[in-house]
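Take a look at the structure below.
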Amino acid sequence: MDIAEREARGGQAEQLVRTLVERDVGMVATTFVDNAGITRVKSVPVRRLPQLAAWGVGASTSFDYFRFDDWLAAPPGGTAPVGDLRVVPDLRRVIPLAAQPGWAWTPGDRYRQDGEPHERCSRLLLQRLVDAAAADGLEIKAAIEIEWVVSAGDGDDFVSAAVGAAYGMSRLIGVSDYLREVIGALIAEGIKVEQFHPEYAAGQLELSVAAESPIDAADTSVLVRSTIRAVGRRYNFRTSFSPKVEAEGVGNGGHVHLSVWRAGENLMAGGDGPCGLAPVGEAFAAGILDHLPALLAIGAPSVVSYLRLVPSHWAGVYACWGLENREAALRMITGSAGSGDWAANLEVKCLDLTANPYLLFAGLLAAGLDGVAVDARLPEPVDVDPAALLPEELDRRGIRRLPTSLRESTDALAADSVLLAAMGWALIDSVLAVRESEIALFVDASAEQVVRALRWAH
């Protein structure tokens, strides 16, 4: 980032300041997400936005090693407190926050002091992978489903604040004012909310947003969750996106939807491949399927994630794919008759919201683009719950269970040469350090202890 670019960014921010002041914004928060999936923040008065845009704000390199509970899983040698980065806002997305009056939000990228990209910045990594796809004429569209629970009061125990039947109108009625405010705030912030419904677990709710570029989809995921949490505070609700809020029952997922496009054509439809997939769409899906064990270390990145990943809970714990099969890790969605050209997409179900969304999309794109590069092909689709098949039938079909622990998935990530090459060892090393620290923390913990420790962390 040279001086001319800094001056241009400062001038652009000056224009934004006038608009923000007219909307009574006094502070601007810029965020990044660490390797534990926690959104970290730096803030400046609105009049300082041009300075922030041109020069960034300081942040320690140590954030790459923060655990969910703020423990520093620092590498040996005592260098953790040494070094500084600059968090630089993305001025394309400076948004006044409807649920936090007087504040605006913007996602940030992390650069070194010399102006070069930080090698462990997951958002900049994702941008590079999006650009690589575009260089091959491919556009990726993506979205993350948001599932959460609301708890009454301030206590650490979970007390459902949304009472009523799963998917039931009775649950919606009980929290209808809260939900109207949540969705109204999101719409005011420019989020395209597509649908909402009460979910299966106690106190659980879900909303879906429109597909965007992977960068925008990751930004939206951060903004949506922050907005939900802020509105909940007004109702004295505690909000949790954890994959397990109670040791028993169903947990919160963070399903990802992906489609691949070329020259305005959806390559997940209209082809001669299985379920109408075009060759590139099939290869992209096959690449993700091939790398799923390693991707879980990124997309199901916590010890608590594996309490959710159990068979016959719609969590997609088997490495297989199928048409509208909610027990397959990859669920192919073709849409209603006549809508496939724009609606067809691939849902990845074995993921949750403890993931850093930028890192998650980077992993998915790296895997999918590798599939395209090697012209990968999908195996036969699975049209039943894999848990209903006998072991010998699973073996015959080549259906394997995905990792059942964080240890298994981190081992797979460390051995995955494609993801290592795409992300770089510096980033992977910090990811593995954080994962190893969490594994050590919970080595002797019960499921209930793990759930309680992470219940309100995300």
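Laid out as a table, the results:
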{"read-out": "Filter pass, Val384 being in the same structural domain as Ala134 (by TED's automatic domain parsing), farther than 24 Å from Val222 by Cβ and either touching a helix residue (DSSP H, G or I) at 6+ places or on another chain (Cβ under 8 Å) or assigned to a helix (DSSP H, G or I) (or both)", "value": "no"}
{"read-out": "Complete set of residues in the stretch 281-340 that are within 30 Å of Val451 (Cα to Cα) and hydroxyl-bearing (Ser, Thr, Tyr)", "value": "Ser302, Ser305, Tyr306, Ser312, Tyr318"}
{"read-out": "Residue match in the stretch 48-60 (condition: under 30 Å from Val303 (Cβ atoms) and either modelled with pLDDT under 95 or surrounded by fewer than 21 Cβ atoms within 10 Å (Cβ to Cβ) (or both))", "value": "yes"}
{"read-out": "Tabulated pairs, the stretch 407-433, first more than 17 Å from Leu292 (Cα to Cα) and assigned to a helix (DSSP H, G or I), second modelled with pLDDT under 95 and among the aliphatic types (A, V, I, L, M), C-beta under 7 angstrom, 6+ apart or interchain", "value": "Ala433/Ala73"}
{"read-out": "Filtered residues of the stretch 112-123 (kept if surrounded by fewer than 19 Cβ atoms within 10 Å (Cβ to Cβ) and outside any loop (DSSP other than H, G, I, E, B))", "value": "Arg112, Pro117"}
{"read-out": "Criterion violated by Leu413 - all others in (1) out of contact with any strand residue (DSSP E or B) (no Cβ under 8 Å at 6 or more places or on another chain); (2) surrounded by fewer than 22 Cβ atoms within 10 Å (Cβ to Cβ) satisfied", "value": "(2)"}
{"read-out": "Which numbered condition Val231 fails, given (1) over 18 Å from the mean Cα position of the chain (by Cα); (2) touching a residue at least 40 places away in the same chain (Cβ under 8 Å); (3) not in a helix (DSSP H, G or I)", "value": "(3)"}
{"read-out": "Residues of the stretch 338-361 satisfying the condition of being touching a Lys or Arg at 6+ places or on another chain (Cβ under 8 Å) and in a helix (DSSP H, G or I)", "value": "Tyr358"}
{"read-out": "Cβ pairs under 8 Å, 6+ apart, first in the stretch 196-221 and within 14 Å of Trp148 (Cα to Cα) and assigned by TED's automatic domain parsing to the domain that holds Tyr358, second in a strand (DSSP E or B) and hydroxyl-bearing (Ser, Thr, Tyr)", "value": "Phe196/Ser208; Ala202/Ser160; Gly203/Ser151; Gly203/Ser160"}
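Residue-by-condition table, conditions (1) in contact with a Cys (Cβ under 6 Å, 6 or more places away or on another chain); (2) assigned to a loop (DSSP other than H, G, I, E, B); (3) modelled with pLDDT of 95 or more; (4) under 23 Å from Leu427 (Cβ atoms):
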site: Pro76; (1), (2), (3), (4): no, yes, no, yes
site: Thr79; (1), (2), (3), (4): no, yes, no, yes
site: Val82; (1), (2), (3), (4): no, yes, no, yes
site: Leu85; (1), (2), (3), (4): no, no, yes, yes
site: Trp105; (1), (2), (3), (4): no, no, yes, no
site: Arg110; (1), (2), (3), (4): yes, no, yes, yes
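The values are calculated or read from the model by the stated rules, or taken from the named source; none is laboratory data. Predicted, not measured: the structure shown is a model, and the values here were computed from it. We place every Cβ from the backbone using ideal geometry, glycine too, and count neighbours over all the protein chains shown.
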